[in-house]
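See below for the structure under consideration.
Just so it is clear, none of the values below were taken in a lab; they were calculated from the coordinates. Keep in mind that this is a model prediction, so the values were computed, not measured. Backbone-built Cβ (ideal geometry, glycine too); neighbour counts: all protein chains shown.
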Amino acid sequence: MNQPLWNFNINMENKWTQQSRKYEQHKSPCILSSLDPVNLNISQTMTDESPVFNGNLESLNLLNDINESNETKSVRLLNDNEELLVPSEERFLSDLNIKRGKKIKVVSIFGNTGEGKSHTLNHAFFDGENVFKTSPSQVSCTLGVWAMFNPKLNMLCLDTEGLLGISKKEQQRLRLLLKILAVSDIVIYRTRAERLQRDMYSFLGGASKSYKNHFNRAFQQFKEKNDIDKSISLGPGLIIFHETRHTDTLDASTSVTESAEDIIRSNFSELQLEYDAFSFIKYVGIQNKDSPTSFKELRIAVMKELESTEIRSPREAKYIYLILKSLNQKFQTKISEVQPDMYLPAFFTCQDKCASCHTSCSLSTGHKEDGEPHDNPKTCEFQHQFQNCIYLCKKCYMRGEKTVVTPSYKSVTENSWSSLFNYVWSGYVISCKKCGEIYRSRQHWYGNKDPEECAVIPEIVHVWPGEFSLLGSQNAAQKLLIAYLIFRTRWRVLDLSPLEWCLNGWLIR
């Protein structure tokens, strides 16, 4: 029978006590006693310090909720997987402290990662309070979409994830941002570049095109379904907040006849990008060298548009949630994350194309100077005008070799004069440099097979610029011989005819 655990502990305690007493009696006087009291009452120590199990199991919270760890007041609406984290409109109103029936406007901010979007919202509309999380780290601090309602300005602020960040879901993130842009009334694009970059125009141009082609129709369907009278066909307004350090803002390039907004529209047109989905475009530029950034002009521009009802009127907060939910459910298909190629094929690849199938050459530029002909592994398409077909010797092909053969009016062993008579009698011949003569068109009186059936294998090839048609060039000798024989026969007839004979064309005249 096994000994109980407590009996084992008691026996061990007694044993250690006896050993310690013997040691105290026989130890050398040179050895001093320990100043620290030693408690060898193991059973009592284990009993006093052992926790009492009450039947309740509780796991350790190693990963705190992101809202608690960040200590921010904003509410996370969507994560980086496009998942809506607020389950209902009641929860949406309660989390953001918005009264039911309250009509508000939506202001969202976009820009590249690290441009200070969250910092801009905190200082422009919340008096510098840490509503949206900011971080000096190289890692992006805003993932997904965060929201906060400002009751003084009667607007809902949406902070978004930055563009051009390190992410494996770049396309999915872009679609998420376009959804947020579509439900917004005012869009702020924040940039701290010395000059307005092309990526800003590309993003805004794509957003305008997406709104017209997809979101506008979805809004109309939502309006009919929910019996909303107000029109939401007009797109959001755009405010570009541009901060520079060493260069002048766009306002310095304006004139009496051309404003900063006109320059931006001209840049959109020059890049062949759309912008007409935005109800208005406003430019706010500041040059800041050493002092902290001033958000006064941005705040004035936004408040002016919030008070205006000429283009878009405030909407009930619940409809904002329902529109966002509807768009998120409608555009939720899986996207293939294809990474863009930094080095385009046009940089280093030959730009010559096949005249038959319009496929580009796959070799590097300058290969013709190295004596290497054009090539592309893709199968070409046959076109009669190019006769882009060659003949391969069938015997060589069966041995794993490719030997190009051409029809001719003479074989290798025949001379030029005897071959003329043999051609008239036996037709053209196909010879292989390895197998010799492999086909003659008139070898028998009747029942001659085509060369494709017994001697050759046709192969369709590309027709590159500067190259002659292939099959047509193979039959050039045959065509030339036929033309020569016809001409020679007619010449002999004219030569042997009486002098009074004349050509038919002369008689018609």
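With R₀ fixed at 41 Å, the C-beta to C-beta distance from residue 286 to residue 365 puts the FRET efficiency at about 0.35. Proximity of backbone amide H atoms, modeled 1.01 Å from N, is registered between residue 350 and 363, 364, 365 at under 5 Å, excluding neighbours fewer than 5 places apart on the same chain. For residue 224 and residue 80, what does the FRET efficiency come to when R0 = 41 Å and r is the distance between their Cβ atoms, rounded to the nearest 0.05? So, using R0 = 41 Å, E works out to roughly 0.80.
Could you please report the charge total around residue 194, scoring K, R as +1 and D, E as -1 over all other residues with beta-carbon less than 10 angstrom from its beta-carbon? Local net charge: +1. Counting Cα-Cα pairs of region 230-370 in 5 Å increments starting at 0 gives whole-percent bin shares of 2, 7, 9, 11, 12, 11, 11, 10, 9, 7, 5, 4, 1, 0, 0. Shown here for region 126-216: trypsin sites (Lys or Arg not before Pro) in loop regions (DSSP other than H, G, I, E, B) with at most 13 other Cβ atoms within 10 Å, namely 152, 168, 195. Taken along the Cα-to-beta-carbon direction at a fixed 7 Å, the label points for residue 137 and residue 248 span 4.2 nm.
With the simple spin-label model, which puts each label point 7 Å out from Cα in the Cβ direction, the residue 261 to residue 457 separation comes to 7.0 nm. Per-residue extension of 0.36 nm, minus the Cα-Cα distance of residue 446 and residue 330, leaves a gain of 34.7 nm for this segment. Using the Cβ-Cβ distance between residue 150 and residue 372 with R0 set to 41 Å, the FRET efficiency works out to roughly 0.05. Share of antiparallel DSSP beta bridges in region 69-330, in percent to the nearest 5? Bridges in region 69-330 are about 35 percent antiparallel. Note on residue 197 and residue 379: the model spin-label points, each 7 Å out from Cα along the C-beta direction, lie 4.6 nm apart.
Panel values: region 69-330, Kirkwood radius from alpha carbon pairs, Stokes-Einstein at 10 °C and 1.306 mPa s, translational diffusion coefficient 84 µm²/s. Near the amide H of residue 240, within less than 5 Å, lie the amide hydrogens of 189, 282, 283, 284, all on another chain or at least 5 residues away, with H placed in the peptide plane. Computed over the Cα atoms of region 357-403, pair by distinct pair, the Kirkwood hydrodynamic radius stands at 13.2 angstrom.
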